[in-house]
Structure formats: C-alpha cells, structure tokens
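The values are calculated or read from the model by the stated rules, or taken from the named source; none is laboratory data. Computed from a predicted model, the values in this text were never measured in an experiment. Glycine gets a Cβ as well: all are built from the backbone with ideal geometry, and neighbour counts include every protein chain shown.
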Amino acid sequence: MWCQWLDFSSVASTLGFWQRWLVASLQHSPRSVWPSILERFYRTGDPLAVALAVCLLLGTLCLALSIPTNNHSWVDKLWSIVPVYYAWHFTLHDKLQHPGVPLNARLLIMSAIITVWGTRLTYNFARKGGYRFNEEDYRWPYLRARIHPLLFLVFNATFVAYIQHVALLGLTTPAYLAWQNASAPLNEIDLAAAALCTFFIAFEAVADHQQWAFQSAKHAKIAARKRLTAEQARGFLTSGLFRYSRHPNFWAEQCLWWSMYLFGVAASGAWLNWTIVAPIALSAIFQGSTWLTEKISKTKYPDYGNYQRTTSRFLPLPPSSLEDAGAAAEGGVHTPRTPRTATRSGRKTRAAGTPATATEDEGEPAAAPTAREEERAAAAAATPATAAKRRSRGRAAARPAAAEQPREDAEGEESGASNKRRPARSPKKTARVLAAEEAAPAPTRMSTRLRTRAGAA
C-alpha cells in the first residue's frame, strides 16, 4: 500500500471514545476513586489517547509556570525528555495489560534510538546551564520586547505551551504506528532507518561539541583577558562542520526525525501516512526559529552577513569564496590602491605622475631651476621683505664705504655674530629658495652704540 492517509480517521475516533470515557468516569465517580480511574485509563486505554492526555497536562503545566515566572523556556527544558517517555510508553503499553506479551523488536529499536538521542541532548542542554530555574532562551526576551504583551500572551498560550508539546508527541507517533502493526516483521527499511538515525545522532553530537568547545574557549579567554584568535574575535564558529553549514546540528536534528518516520513506513507498508505531519511541522518550526536566531546574530556580529552569503543554512555544502561574495554584494570591481614607494628619508611619496607636496619632496634632491623660477626669485629679491631691512639698507647707503669698515672692525667683538652673513643652509633646499637668498643682501644688526656713531658720522 502506497498511501495510508485516511487511517487517521480511525485514530481520531479512538481518541474521541477514550476522551468521552474518561470524562464520564470522572464525572460520575467520587474524587476518592479518581486515581483508580486514571490508572485504569492508562493501562487499558489507547496508548495514543493516554499520551495525548499527558501532552495536554504538560502543556498546561508549562503555561502555568511561564506566567508567574515570566520564563518561557519550560518546554525547552522538557524537549529532550518527553519524547523518550512517549517512545517507551508505546513500547511497554501492552506489557502493562498483558505481562506475558513479548516486547516488539521494532519498538525496542525505536525506543533505544530515541533514548540515546534524548540522553545526549539532555547532557548538552545541562552543561550549558539550560536546567537552571531562571535560565531562558535568549530569543524569548527578544520577542517579548517587540510584541504587544497581550499578543505575546496568546502566542504563549498556543504555540509555546501547547503546539510545541503536540509536535513532540507527533514526532514519536511512528512508534504508535508500529504498535498498531506489531505483527509486521522487521525489514530492510527498518535497517536503513536505524543506520540513518545513528548517523544523524553522531553528526549532531559532533556539531554540538564543536560549538560548545568554541564558545567555552572564547568566553574563557574573555574572562581571563587573553588575546582571542581571529575566529574567536569574529564571535561565531566558521570551522569544522560549521564551515559547510551555518546550523549543522539543526540539519541533523530534522533529518533524525525524518529517518524515524521511516520506521512507521516499515511497519505500515505505506510510504505516505498521517505521521508525516510531525516532521513537516518540525521543519517549519526550525525554519522560523533559525530565521529569528540569525536575525539576532546579524545584530551581534558584523561579519555574519558574509557568513550567510557564503555558507549553506542547513544542508552541508562546500562554501563559496568570501571575496567573491563581497564583490557580488557590492555590485562592482574593487579598484586597486595607488602604490607608494619609500624614499631615502623613510617617507612615502606618490606614484609617478602624481603631483607631490612640499612635505613629500623633502627627501628628494633639488632639481635645476627653470627660467620662470629664476624670474620669481629675482622679483622676490628686488622687493624688500620687512621695514627693518629697509631701514638697514638706507643707513648702509648713507655711510661712506671707506669709514664703515674700520667701525665694524672696532666694534666686532660687541656686535659679535649678528653682523655676519647667515651660513649656507642645507643642500636640501630647493633651487628657488637658494636663488632668492643669493640675490638678497644680508641684513645688518647694529647695537645702539653703533647706530649712534653711524648717525654722528
């Protein structure tokens, strides 16, 4: 049989019968006998009806705890625990009513696989502090800050508290299908499903351990104020399995439950049956939660956008080049920077053909002056620079040349080095500056006594 979709109608009628039986029994019996009624319901009722009652009870408990504590991670704390219970519930149900009935091999394999999955995931959640009373997934406060309180209350009372619990029960419904078809022998589909489940559990364990080791090392260095590696400074893991998938553990988690669906196929003989709703719902939940996770990550880590462009979201694939992705995102080709060369003075100059500033030219030898530069130097020499120079030149012209030299010699010690010409400057001067200095007469500094004698003469 290829499709057994309509078989859910019989399941729904069974659930309806046991729901009516339980309500009627409790209403027409004193409270003192309620425990015995519940115990009878658990042993003799349809196992899916019992599991659904437990599911609704746990959802109500999580809702009741979330309101006073303002903590919405109570379902997260039970995520890896309740599927283990459901699997063993389906496996041992007939044993409770008929102790002599042997256990079903397919149900034992399924329960063992789910137990290994739940034990590992519980350990991973515990070492991250997930079972602390006040511990909450960082995504819930993010949502609460952006959603109206009344709307978030409705969201909590529907999706968070109940829909997630129903999804967890749905993931184990292939075991219920195996319970319904307990006489079906093991076949090659069971072997393939068991092998796939084992692989994906190991794959998810490796991914979780790589993530845990990276985050632990990063936070330990931050606490010790030690230098971070380039990847740690980036903030998120991009090596190992995370080189090929941004969320390899999420991918393995989804594939695990799709592989678990194959056990129901092996038991019923129908490739399409009603238990497929659960893995579809789980994939939808992961799509939404991962979108929110990455939206938060982009606000925390500036390089996460490049990681998104180059790495697959779930399915492990070879990564593309970061440089190619960056160029494609910018929509153009990067222009190479203008090269610079070092001069003898250790300073950088521009490339050939680029006009240089005076500062950049200081390390280069002076070039020969051009005709235009010589004209500018002559004009600068013909124009007196300051009023003090004009007065000095006027007095020098009024003095007889013959009388000026003895007076300068007699007063040489008094005037000192002030009457001497300035020494030649560094050969690094430009030709324009040297020409201007040669054309201009040297300024003369005279003491008060010299100026008095010059006036008397």
- Residues that are within 19 Å of THR310 (Cα to Cα) and surrounded by 16 or more Cβ atoms within 10 Å (Cβ to Cβ), drawn from segment 212-234: GLN232, ARG234
- Consider ALA270 carefully, then state whether it is out of contact with any strand residue (DSSP E or B) (no Cβ under 8 Å at 6 or more places or on another chain), under 23 Å from MET110 (Cβ atoms) and modelled with pLDDT under 95. no
- Query: Is it fair to say VAL116 is modelled with pLDDT of 95 or more and more than 27 Å from THR44 (Cβ to Cβ)?
  - Reply: yes
- Determine which single condition LEU237 fails, assuming it passes every other condition in (1) under 26 Å from LEU121 (Cα atoms); (2) in contact (Cβ under 8 Å) with a residue 60 or more places away in the chain; (3) not in a helix (DSSP H, G or I). (2)
- Read through the list (1) crowded, with 17+ Cβ neighbours inside 10 Å; (2) touching a residue at least 12 places away in the same chain (Cβ under 8 Å); (3) more than 30 Å from SER216 (Cβ to Cβ), then give the number of the only condition that PHE152 fails. (2)
- Query: If you check GLY264 against the conditions, is it part of a helix (DSSP H, G or I) and in contact with a strand residue (DSSP E or B) (Cβ under 9 Å, 6 or more places away or on another chain)?
  - Reply: yes
- Message: If the requirement is being touching a Lys or Arg at 6+ places or on another chain (Cβ under 7 Å), farther than 18 Å from ILE201 by Cβ, part of a loop (DSSP other than H, G, I, E, B) and not β-branched (Val, Ile, Thr), which of these qualifies: GLY100, GLY130?
- Response: GLY130
- Task: Could you grab me the full set of residues in segment 139-190 that are assigned to a helix (DSSP H, G or I) and under 18 Å from GLY269 (Cα atoms)?
- Result: THR173, PRO174, ALA175, TYR176, LEU177, ALA178, TRP179, GLN180, GLU188, ILE189, ASP190
- Any residue in segment 65-79 that's in contact (Cβ under 8 Å) with a residue 60 or more places away in the chain and on the phi < 0 side of the Ramachandran plot: show its pairings with residues that are crowded, with 19+ Cβ neighbours inside 10 Å and aromatic (Phe, Trp, Tyr) at Cβ separation under 8 Å, as long as the two are six or more apart or on different chains. SER66/TRP74
- Message: Against the condition assigned to a helix (DSSP H, G or I) and either acidic (Asp, Glu) or within 31 Å of the chain's Cα centre (by Cα) (or both), how does ASN124 come out, does it pass?
- Response: yes
